[in-house]
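K.L.:
Would you mind keeping the following structure in view while I ask a few things?
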Amino acid sequence: PETNKSKCVWSTLRCAGPSPSPREMHSATLINLTYPRENGFDTFVLEYETYAGEIPMKSCEGDETVAEDSDSSKEKAKLYREEGNRHFVSKDYAQATEMYSKAINIDAENAMYYANRSAAYLKQEKVEAAILDARRAIERNSRWAKAYYREAMALKNKSEATNDTNTAIMDLEQAVTSLQRAIELAEIESERNSYEKICLQVANALKNLAKTQNPKKSDQALSSGIYLMIHGGKMIDGTILKDVTLLDLSIMQWHNHGTSPSSLCGHSSISLDSGDVIIYGGWGGNLDISDSFSVYSPKSNRFIDCEQVIKNAADVGMPKPRFSCCMCSYNLENEVSVMVFGGVNFEEDLCDSFKVTLAD
């Protein structure tokens with residue numbers, strides 16, 4: 001039967017504030033503090049049901065259909081870009097914009113064309129259009145340093161044109177974040193040095209502007225709202241992290257929120273109606289794999305190790321320590337429970353599941 005289909009569109013979000021450092025195996029949890037429950041949980045009663053079975057190994061591969069690009073069309077788009085570059089050098093920015101637009105009409109997935117048009121828009125003081133095109137370039141190639149540089153320059157110009165100091169601060173914070181990303185991705189040393197110099201200038205401008213302002217919402221205690229919490233993870237050099245960073249989705253602003261008692265990666269986390277975050281498992285480095293639960297309270301910024309009262313432990317025993325497991329919560333007959341499934345440790349892949357009942 002015919003069904004309504006929802007369209008899913010991916011986009012890159014640019015946020016103010018100090019964003020988390022690059023990492024993997026971190027936990028990401030959506031926290032709703034709009035109507036938090038007054039009391040959190042500090043005791044867990046664990047009930048287990050183990051389901052033995054083989055881990056499914058079969059994978060399904062569908063037929064892939066690859067659309068062939070027209071070489072002649074791409075070559076035509078390239079010629080439009082080259083013509084746009086000539087107009088840009090001669091400072092005919094309106095004509096350059098038109099040529100870049102023609103290139104985009106032919107090849108709408110080429111990040112370079114959007115970045116070029118962003119620069120042309122900026123020369124015409126069309127700042128919002130410049131920001132939009134820079135972000136389109138990032139969406140199409142998130143590993144290209146110049147796209148982030150284009151965004152940063154547009155945001156810097158926007159901050160200089162506004163009379164709203166708070167808006168200017170947020171624009172400069174985003175510009176610094178974009179430049180830091182450009183520095184990370186730059187492959188040529190001279191390009192990286194240029195970005196570093198500009199980043200320092202923008203950071204100094206931000207610092208001077210921030211001195212004139214009172215602490216913003218992100219610098220104060222958490223208010224009612226929805227936040228994305230990033231916790232822990234592992235960096236490319238093997239460092240295990242323990243920082244907590246929150247993204248305020250109402251203003252798209254990152255801010256640091258302290259650290260957990262220990263470093264952790266590969267752990268699982270979920271949020272509850274109380275606003276609390278339940279954390280389970282994970283790897284702390286070496287052979288240190290966790291088999292315990294803890295609760296994080298965003299409001300009080302506290303991590304609480306939970307007492308684990310084991311029911312039917314003689315029958316099923318404790319679950320094995322693990323990381324990279326799945327976890328979800330549900331309410332049934334006024335009882336809040338968490339289900340954990342699978343995961344891995346250094347000896348085996350796991351396919352058991354168990355239930356954790358939360359009690360005040």
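The values are calculated or read from the model by the stated rules, or taken from the named source; none is laboratory data. On a predicted model such as this, the values are computed, not experimentally measured, just so you know. Counting neighbours? That spans all protein chains shown, and the Cβs are built from the backbone with ideal geometry, glycine included. Areas reflect the complete protein model, heavy atoms only, side chains present, ligands, DNA and RNA absent. Shrake-Rupley method; radii C 1.70, N 1.55, O 1.52, S 1.80 Å.
K.L.:
Within region 211-235, which residues are modelled with pLDDT of 80 or more and either open to solvent by less than 40 Å² (accessible area, probe 1.4 Å) or more than 22 Å from Leu33 (Cβ to Cβ) (or both)?
P.N.:
Once the filter is applied, which keeps residues that are modelled with pLDDT of 80 or more and either open to solvent by less than 40 Å² (accessible area, probe 1.4 Å) or more than 22 Å from Leu33 (Cβ to Cβ) (or both), region 211-235 yields Gly225, Tyr227, Met229, Ile230, His231, Gly232, Gly233, Lys234, Met235.
K.L.:
Report every pair of residues separated by at least 6 positions or lying on different chains whose Cβ atoms are under 6 Å apart, first residue within region 223-248 and free of Cβ contacts under 8 Å to residues at least 24 places away in the same chain, second buried (at least 21 other Cβ atoms within 10 Å of the Cβ).
P.N.:
Between residues of region 223-248 that are free of Cβ contacts under 8 Å to residues at least 24 places away in the same chain and residues that are buried (at least 21 other Cβ atoms within 10 Å of the Cβ), the close pairs are Lys242/Gly232.
K.L.:
Among the residues in region 115-123, are any in contact with a Ser or Thr (Cβ under 6 Å, 6 or more places away or on another chain) and modelled with pLDDT under 90?
P.N.:
no
K.L.:
If you don't mind, there's one more thing I want to ask. Please name all residue pairs, on different chains or six or more residues apart, with Cβ atoms under 6 Å, provided the first residue is in region 259-283 and is under 15 Å from Thr239 (Cα atoms) and aliphatic (A, V, I, L, M) and the second residue is assigned to a loop (DSSP other than H, G, I, E, B) and open to solvent by 20 Å² or more (accessible area, probe 1.4 Å).
P.N.:
Leu264/Gly284
K.L.:
Restricting attention to region 173-209, report how many residues are closer than 14 Å to Val127 by Cβ and modelled with pLDDT under 90.
P.N.:
1
K.L.:
Pull up region 343-357, narrow it to residues that are free of Cβ contacts under 8 Å to residues at least 40 places away in the same chain and in a strand (DSSP E or B), then point me to the one that is surrounded by the most Cβ atoms within 10 Å (Cβ to Cβ).
P.N.:
Leu350
K.L.:
Please go through (1) part of a strand (DSSP E or B); (2) surrounded by fewer than 18 Cβ atoms within 10 Å (Cβ to Cβ) for Leu247 and return the number of the only condition it doesn't satisfy.
P.N.:
(2)
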